[in-house]
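Read through the structure below, which is laid out as structure tokens, and then see the notes.
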Amino acid sequence: MSATFKHFDLKLVDPGFESPLTDLIIELDHLRRKSLGGTTHPHIFFQLKNIFHMLESIGSARIEGNHTTIAEYIEKRIDSGETEDENILEILNSEKAMAFIDENISDYPINRAFVSEVHKIIVKNLNKEGSKNAGQYRKENLKIVGSNHLPPDYTQVSVYMDELFKFINNKDAKKYDLLKTAISHHRFAWIHPFDNGNGRTVRLLTYAMLIKQGFNVSFGRILNPTAVFCNDRNKYYKALSNADTGSESGILHWCEYVLAGLKVEIEKIDLLLNYNYLSANILLPAVSLAKKKENITEREEKVLQIAIKKQVFMSSDIERLFPGKVHSERSRILRRLREKKMIITEKDNSRKYLIRFDNNYLLRSIIEVLGKNNFLPPNEEV
Ligand SMILES: Nc1ncnc2c1ncn2[C@@H]1O[C@H](COP(=O)(O)OP(=O)(O)O)[C@@H](O)[C@H]1O
Ligand SMILES: [Mg+2]
């Protein structure tokens with residue numbers, strides 16, 4: 001069957017008090033309001049956040065056929081710095097776009113300029129997954145592969161997008177926020193405003209909307225909405241297709257799909273803010289694994305175990321590991337660990353240290369252990 005275009009009105013839906021969707025909205029609202037007095041130190045939290053941003057970006061690129069594995073990406077990103085490999089650049093671009101959103105979201109409205117900027121960042125320097133008109137709406141008609149829905153004529157794109165921005169920024173009651181986020185994701189994909197990069201941009205739009213609505217990521221929370229869509233691409237496309245006609249049931253089903261996925265992801269990631277959980281289930285096992293793989297020495301393992309147990313430690317805390325060694329020798333050991341990026345100081349010139357794991361020696365093990373604890377997409381090979 002050839003794809004056709006059929007207009008439907010952009011509007012909020014009423015899930016009905018008894019529906020599972022209403023339960024999801026209430027539960028997510030509870031998570032949104034929950035105060036996140038996590039016990040994980042900000043330094044450790046931000047390192048984890050960077051890892052999840054990287055995983056998000058890999059996931060988002062993978063949906064559209066970028067088959068870079070986490071292991072390959074780490075290899076290229078950490079080990080070789082500059083790269084011209086298009087697959088790697090695509091993922092790096094998405095990471096940059098997330099950072100752009102984090103930095104700017106509180107000061108700027110979600111509007112055409114904001115979305116254009118995100119689009120420009122994600123397609124930058126790419127050929128196959130680039131765009132002829134970075135940051136600008138498409139100037140031709142197109143089809144979505146495998147879909148019966150034909151996106152609107154290119155002359156109508158800006159009208160539809162203006163309507164979408166109005167919908168996003170309209171001052172509705174807060175209880176509609178999550179429905180608006182889900183509906184906007186579908187509407188954006190349905191309009192398909194760009195010649196390419198619509199999927200990557202819309203997943204970041206969802207990220208931006210959630211932050212705007214109070215799922216705070218500046219400290220306390222990591223959001224990885226892409227995981228909702230990337231864990232099962234067929235389910236994602238099918239749910240989008242169901243909503244393409246604009247039928248009430250299709251839109252409700254789409255919203256339920258998005259919000260159910262979000263709830264699972266948010267609850268999972270919030271666990272990492274509990275330092276007891278994080279240290280026992282992720283950090284300590286990762287350090288043992290790194291030692292087993294001979295990425296770190298026994299001495300490094302011992303210092304890191306203390307670093308993990310204390311979360312913030314000082315030179316005197318490692319004294320018993322090195323009987324007979326004077327303070328200056330311990331300082332040398334700590335300096336070496338800093339050079340190898342296995343520890344960081346709490347502040348510049350501070351004598352307090354924390355574990356650092358975005359380095360060649362520990363990152364792979366951290367990710368492998370995250371995988372064992374179901375924090376990675378299914379079937380991921382690390
Ligand atoms: N049936 C559908 N209806 C609306 N949007 C869809 C449908 N199927 C897929 N999409 C969206 O289109 C995106 C692919 O569009 P594309 O412009 O190639 O994005 P990218 O270049 O980022 O992969 C998918 O990620 C998805 O968000
Ligand atoms: Mg594409």
task: Determine if segment 150-173 includes at least one residue that is touching a Ser or Thr at 6+ places or on another chain (Cβ under 6 Å) and touching a residue at least 60 places away in the same chain (Cβ under 8 Å).
output: yes
query: Are there any pairs with C-beta distances below 7 angstrom linking a residue in segment 175-195 that is on the phi > 0 side of the Ramachandran plot to a residue that is within 15 Å of ligand 2 (Cβ to nearest atom) and not β-branched (Val, Ile, Thr), with the two at least 6 apart or on different chains, and if so which?
result: His192/Leu142; His192/Pro151; His192/Asn198
query: In segment 10-55, what residues are among the charged types (D, E, K, R), within 17 Å of Val264 (Cα to Cα) and at pLDDT 95 or above?
result: Asp23, Glu27
- request: Working carefully through the options Ala227, Ala243, find the one that is touching a Gly at 6+ places or on another chain (Cβ under 7 Å), at pLDDT below 90 and of a type outside the set (Asp, Glu).
  value: Ala227
- prompt: What residue, of Glu56, Glu64, Glu27, is surrounded by 14 or more Cβ atoms within 10 Å (Cβ to Cβ) and in contact with a Gly (Cβ under 7 Å, 6 or more places away or on another chain)?
  reply: Glu64
task: Select from segment 162-176 the residues that are closer than 29 Å to Asn234 by Cα and surrounded by fewer than 19 Cβ atoms within 10 Å (Cβ to Cβ) and write down the one among them that is farthest from the chain's Cα centre (by Cα).
output: Glu163
Evaluation of Glu90 against (1) out of contact with any Asp or Glu (no Cβ under 6 Å at 6 or more places or on another chain); (2) surrounded by 19 or more Cβ atoms within 10 Å (Cβ to Cβ); (3) more than 26 Å from Asp244 (Cα to Cα) (one fails), failing number: (1)
Count of residues meeting criterion [over 17 Å from Phe114 (Cβ atoms) and within 9 Å of ligand 1 (Cβ to nearest atom)] in segment 144-196: 13
- line: Exception for Pro151 within (1) at pLDDT 95 or above; (2) within 20 Å of the chain's Cα centre (by Cα); (3) buried (at least 18 other Cβ atoms within 10 Å of the Cβ) falls at (2)
field: Hits in segment 185-217 - residues which are away from ligand 2 (no atom under 16 Å from the Cβ), more than 17 Å from Ser60 (Cβ to Cβ) and surrounded by fewer than 21 Cβ atoms within 10 Å (Cβ to Cβ)
entry: Lys212, Gln213, Gly214, Asn216
message: Among the residues of segment 311-329, what is the count of those that are part of a loop (DSSP other than H, G, I, E, B) and either assigned by TED's automatic domain parsing to the domain that holds Phe45 or in contact (Cβ under 8 Å) with a residue 24 or more places away in the chain (or both)?
response: 3
- request: Could you check, for segment 146-169, whether at least one of its residues is of a type in the set (A, V, I, L, M) and in a loop (DSSP other than H, G, I, E, B)?
  value: yes
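The values are calculated or read from the model by the stated rules, or taken from the named source; none is laboratory data. Remember, predicted model here, so these are calculated numbers, not experimental data. A quick note on method: Cβ atoms are made from the backbone with ideal geometry, for glycine too, and the neighbour counts reach across all protein chains shown.
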